[in-house]
Amino acid sequence: MGETLVEKILAPHLVSGRLMPGEEIAISIDQTLTQDATGTLVYLELEAMGIDRVATELSVSYVDHNTLQTGFENADDHLYLRTVAARYGLYFSPAGNGICHQVHLERFGVPGKTLLGSDSHTPTAGGLGMLAIGAGGIDVALAMAGRPFFLFMPEVIRIDLLGCLSPWVTAKDVILEVLRRLSVKGGVGKIMEYGGSGLKSLSVPERSTIANMGAELGATTSIFPSDEQTRHFLRVQGRERDWIPLQPDADAHYSDRLSIDLTQLEPLIALPHSPDNVRKVKEVEGVKIHQVVIGSCTNSSYQDLAKVAEVLKGKRVHPEVSLAIVPGSRRVLQMLAQKGALSQLIASGARILEPACGPCIGMGQAPPTGGVTLRTFNRNFRGRSGTPDAEIYLCSPETAVASALTGEITDPRSLGEEIKVTWPKRVWRGADLIIPPSPHPEGVQILRGPNIQPLPDFPKMPSKVEGEVLIKLGDDVTTDEILPAGSKILALRSNIPAIAEFTFAGIDPSFSCRAKEKGGGVIVGGANYGQGSSREHAALAPSYLGVKAVIALSFARIHLANLINFGVIPLLFSAKEDYERIEEGDQVVIYLDDLRQEVVLQNKSKGEVIKLIHHLQPREIKILKAGGVLNLVKGDP
């Protein structure tokens, strides 16, 4: 039997385990990336491990999330990230150079390599034929220290794309269709491997849009073959030497298959407040809008923005709409300028933002109270825009620009004959700001601002957990809800005591105070607890507040790993009925009994006993007993 594309990459990287779905495996990591919202903690963790230089083939530290400098905190952290990169052997991409996923595609991505990133949208590089996985920051730090990355071997799902997209239908519509069919839970425990005749017409930026939003499926990652489209993209970037052909075998076996006829797709849009709340654009046409933002790591390539500029050429944005354009990188911005597209955007009334994540994480461009905002982003969770009651829609750049012109949601097919944008035929030699690691690391002084606080201590696992159910939550709770983003909160990302004050701030502003008053306790959640961003602060902050255990119906992959890595015990209800029997405020005792397969919870408030389960591996139990992976690494250099 032949191999899938996933198996062809995993096999030479396999350190332990078998490539059998559901079995724990360990793989070696070739490249890592971090961004500044997670990176400061990553490098504090790396320093705590006591290594001399990173052991990966290539590691890059990007500054792209917290570029808004309204105080000293972000600027100080950028200095720390630059100097720690120089000291430990990383490339450094400073503020203004671009979004990590876009820049990594341009500068560093290599087909067939493994990439681990402290950002949930790291799978963007799957559009280039990399096996790229998002993870908690400490897993990335361990990879940089030369340790393998552990995961459960996912099922590999083949998604065949057939035919060609119709005019004004895009790669964004492809992934929205996949989300419509499978939901935000449909990719859990799976890798999406794309194939089919339709790939011939999809460029690397289009493929990367699809791979990027595979994270919204809950998928471990998504991947495309490396073919002539891949080769052309690398040639344009001046890196054709990095290209290799990479295809699955014709007789490869997949756990399941899904087929999408591209010719039948129409422009789609995700309604508030979930990426899988997908409808046809024509079904919601006419909804008045207040804001349009085009960009983010999903749709900020030259191809995306040059097409938007052509649509806007000689036109003006609707007077009641604010249109913001967010280029993915300095290269993209410079190409737009050289080709005349930037002046077209400016003349239309668009606001041009620096190449950064910005509005996608609530870092500026918050819409008005109750406003409707169309975004080409990947997430539309409630409050993520920075305005709690805003209505956030996700769509393609084509739908976004058509709507920006009319002032209401508009099907882009009304624009007439489709506009085509081609890639430059010559090698692009744009300038960027990437700084290589220092050749003299012994002379590098690591600079630390006053906001950078040491990591808290992590106590060993007790024999029982006793306390109050501090909060009970429903299904699909996101890490944005556990620990929000935004300019005020993200500036504290290197200060755990300070950022912990905002735990569950959007759901229950009293949570942090109650947790401290009661000496910690337990969190209860529904299905898919911890979906969304990879931010490990969503595990670290509750841990700092004394949360010893989280009990849920199921966990999102990255958040589950983060809880384990920081010594917070993740337990599962064996039935929905048990979840319904426990309430916020209940006093409980959880008898851990060395985390054997069944764990007993005594609800002292109700005089009931609930049997909990877990699927923890011996390695993970060892981490929990030690109080977290850092304690374990320090004791096992």
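Where a number appears in this text, it was derived from the coordinates with a stated rule and is not lab data. Keep in mind that what you see is a predicted model, and the values were worked out from it rather than measured. Cβ sites come from the backbone with ideal geometry, for glycine too, and all protein chains shown count toward neighbours.
General remarks:
- Helix axis angle, 302-312 relative to the chain longest principal axis, alpha carbon, degrees: 50
- Label-reachable residues, the range 348-383, where backbone N falls under 20 Å from a point 7 Å from R279's Cα toward its Cβ: 370-383
- Across the range 189-197, computed HN-Hα scalar couplings (Karplus, 6.51 cos²θ - 1.76 cosθ + 1.60, θ = phi - 60°) run x, 9, 10, 9, 10, 8, x, x, 5 Hz from first to last residue, x flagging Gly and Pro.
- For a paramagnetic label modelled on E417 (point 7 Å from Cα along Cα→Cβ), amide N atoms under 19 Å away belong, within the range 163-179, to 166-169.
- Cut-off 20 Å (backbone N to label point 7 Å along Cα→Cβ of S510), residues of the range 598-629: 605
- Tensor-based shape of the range 16-153 (alpha-carbon gyration tensor, a/c under 1.5 rounded, otherwise prolate or oblate): prolate
- Relative contact order (%) - the chain, alpha-carbon pairs under 8 angstrom, separation at least six: 14
- Rounded tilt (10° steps) of 171-182 against the dominant C-alpha axis of the chain: 40
- Overall form of the range 210-304 per C-alpha gyration tensor (a/c, 1.5; a/b vs b/c): oblate
- Peptides 590-597, 149-156, ordered by how many other C-beta atoms sit within 10 Å of their residues on average, highest first, read 149-156, 590-597.
- Assigned charges on the beta-carbon of Lys, Arg, Asp, Glu; the range 28-108 dipole about Cα centre (debye): 180
- Point-charge dipole on Cβ atoms (K/R +1, D/E -1) for the range 5-264, about Cα centre, debye to 20: 360
- Placing +1 on the Cβ of every Lys and Arg and -1 on the Cβ of every Asp and Glu, with nothing else charged, gives the range 268-415 a dipole about its Cα centre of roughly 320 debye.
- Residue (of H440, L81, G364) at the positive-pole extreme of the chain, dipole from beta-carbon charges: H440
- The chain: angle of helix 72-88 to the longest principal axis, Cα-based, in degrees nearest 10: 90
- Bridge orientation summary for the chain: considering DSSP beta bridges with both residues in this region, about 35 percent are antiparallel.
- Long-range HN-HN contacts of G383 with modeled amide H, under 5 Å: A390
- Length gained on full extension, K313 to Q69: 84.5 nm, using 0.36 nm per residue less the C-alpha separation.
- With contacts taken as Cα pairs under 8 Å at a separation of at least 6 residues, the range 211-338 carries a relative contact order of 17 percent.
- Backbone geometry of the range 556-566 corresponds, through the Karplus equation with coefficients 6.51, -1.76 and 1.60 at θ = phi - 60°, to 3J(HN,Hα) couplings of 6, 4, 5, 5, 4, 5, 5, 4, 4, 5, 10 Hz, x marking Gly and Pro.
- Ordering of 137-144, 61-68 by packing is 137-144, 61-68, highest average first (other Cβ atoms within 10 Å, averaged per residue).
- Panel order for D30, D119, D77, by other beta carbons found within 10 Å of each beta carbon, from fewest to most: D30, D77, D119.
- Computed label-point distance, nm, for sites Q597 and K460 using a 7 Å Cα→Cβ extension: 2.7
- FRET efficiency, D261 to E24 (Cβ-Cβ, R0 45 Å, nearest 0.05): 0.75
- Calculated mean residue ellipticity, 222 nm, the chain: -8000 deg cm²/dmol, from DSSP H runs (n ≥ 4) at -39500 (n - 2.57) each, averaged per residue and rounded to 500.
- Taking a Cβ cut-off of under 12 Å around L44, the surrounding Lys, Arg, Asp and Glu residues balance to a net charge of -2, with basic ones at +1 and acidic ones at -1.
- For N277, the residues whose amide H sits under 5 Å from its own are L271, ignoring neighbours fewer than 5 places away on the same chain, with H placed 1.01 Å from N.
- Normalising the average separation of contacting C-alpha pairs (under 8 angstrom, six or more residues apart) by the number of residues puts the relative contact order of the range 464-635 at 23 percent.
- Projecting the Cα positions of L305, P148, P456 onto the charge dipole of the chain (unit charges on Cβ atoms of Lys, Arg, Asp and Glu, taken about the Cα centre) puts L305 furthest along the positive direction.
- Going from the residue with the fewest nearby Cβ atoms within 10 Å to the one with the most, S255, S396, S487 rank S255, S487, S396.
- Dipole of the range 464-635, positive direction: furthest Cα of V524, L483, I499, with charges on the beta-carbon: I499
- Extent along the principal axes, Cα only, for the chain: 70, 57, 54 Å, with the longest axis given first.
- Bridge type composition, the range 464-635 - antiparallel percent by DSSP, nearest 5: 55
- Cβ-Cβ FRET estimate between D251 and S201, R0 fixed at 30 Å, reported to 0.05: 0.75
- Cβ-derived FRET efficiency at R0 51 Å, R181 paired with S605, nearest 0.05: 0.75
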